[in-house]
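Written out below as structure tokens is the structure these notes cover.
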Amino acid sequence: MKVLETVLDLNRYLAPYHRAGKSIGLVPTMGSLHAGHLSLVATARADNDIVVMSIFVNPTQFAPGEDFEAYPRDLERDTELAAEAGVDAIFAPLTAELYPPGFSTFIDVVGVETSGMCAASRPGHFRGVTTVVDILLNLVRPARAYFGQKDAQQLAVIRRMASDLALVPEIVGCPIVREPDGLALSSRNAYLSPPERSAAPVLYQALRVARDAIESGQRSRDKIITMVEHHITAEPLAKLEYVEARNAAGQEAPSILTGEILLAVAARFGTSRLIDNIIVEIEET
Ligand code: AMP
């Protein structure tokens, strides 16, 4: 497996594959790899001739005061895990490779995808995400790029960008990988103290309570949201940020739930901000 640190090296590495018409799968990450990232690699491996993983802690998606400096970084360990998972090349550039002096162009999705949820508390976050993802797609020119449903709003924003800008790569969403107790894997789980780690599965428990209620016939959006809020706020170590219900188009779900519904939550546990979501299919009656 190659580790490429410059755009020049990336271009040199990719050129023969592009010339030969090979399909490239791109898995963009910020490193600190876990089984969630590796599940994206497995899917990319199955779909493409070669798999490129980018590892880049993208400064433009962190607001001032967020955890950019503290974000866990361990390229050596990531390299081992990526090689074992079948990645062909890691692209791990320095910041100046992607944002050279004078950089001043950003991509900003301004629709429903960037209203509410994480956009409300992380101003500029998705603008940083879409900008870096577009740069990576332009550099790698993959057939497909892989993103986790764990970051449901990010996936929706990237799909919107790809559709609006007629980007060539297919955007592939992949299911959430969880710990045995239900906690969604996240690089930020590493920040949790033991008591916070014990408390964190409350997010998925709350979502499951809501799913059970829907499956038992509850159709009131507001009752479902309140149910999730109560479940999370009953955990003293959880500081709830939001509970939202969205329809398949990304708008607020109808007051009587129907169709495909995304239930999404965010909460802080100490300094860690965790997110989770589920999708519930409700048959039209
Ligand atoms: P990150 O390194 O946190 O930026 O994540 C890189 C990619 O991995 C994103 O597309 C995430 O949505 C995805 N990802 C992170 N955690 C998980 C998980 N638990 N299950 C599936 N995908 C994940």
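The values are calculated or read from the model by the stated rules, or taken from the named source; none is laboratory data. Because the structure is predicted, anything quoted here is derived from the model rather than measured. Quick reminder, even Gly has a Cβ in these numbers, built from the backbone with ideal geometry, and neighbours come from all protein chains shown. Ligands, DNA and RNA are stripped out before the accessible areas are found, and what is left, the full protein with its side chains, is counted by its heavy atoms. Shrake-Rupley method; radii C 1.70, N 1.55, O 1.52, S 1.80 Å.
Here are the numbers for this structure:
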quantity	calculated
Selection from region 56-73 of residues that are open to solvent by 70 Å² or more (accessible area, probe 1.4 Å) and under 13 Å from Thr29 (Cα atoms)	Arg73
Subset of region 98-142 that is farther than 20 Å from Ala156 by Cα and in contact with a strand residue (DSSP E or B) (Cβ under 9 Å, 6 or more places away or on another chain) - its residue that is surrounded by the most Cβ atoms within 10 Å (Cβ to Cβ)	Val140
Filtered residues of region 22-54 (kept if in contact with a Phe, Trp or Tyr (Cβ under 7 Å, 6 or more places away or on another chain) and near the ligand (Cβ under 9 Å from one of its atoms))	Val27, Met30, Leu40
Number of positions in region 129-159 that are more than 12 Å from the ligand (Cβ to nearest atom), in contact (Cβ under 8 Å) with a residue 60 or more places away in the chain and in a helix (DSSP H, G or I)	4
Answer residue from region 38-55, given it is in contact (Cβ under 8 Å) with a residue 40 or more places away in the chain and hydrophobic (A, V, I, L, M, F, W, C) and is most open to solvent (accessible area, probe 1.4 Å) among those	Ala42
Selection count where residues are in a helix (DSSP H, G or I) and within 16 Å of the ligand (Cβ to nearest atom), scope region 177-200	6
Residue among Asp9, Asp88 that alone is away from the ligand (no atom under 16 Å from the Cβ), open to solvent by 50 Å² or more (accessible area, probe 1.4 Å) and on the phi < 0 side of the Ramachandran plot	Asp9
Test: residue in region 169-176 that is open to solvent by less than 40 Å² (accessible area, probe 1.4 Å), assigned to a helix (DSSP H, G or I) and at pLDDT 95 or above	no
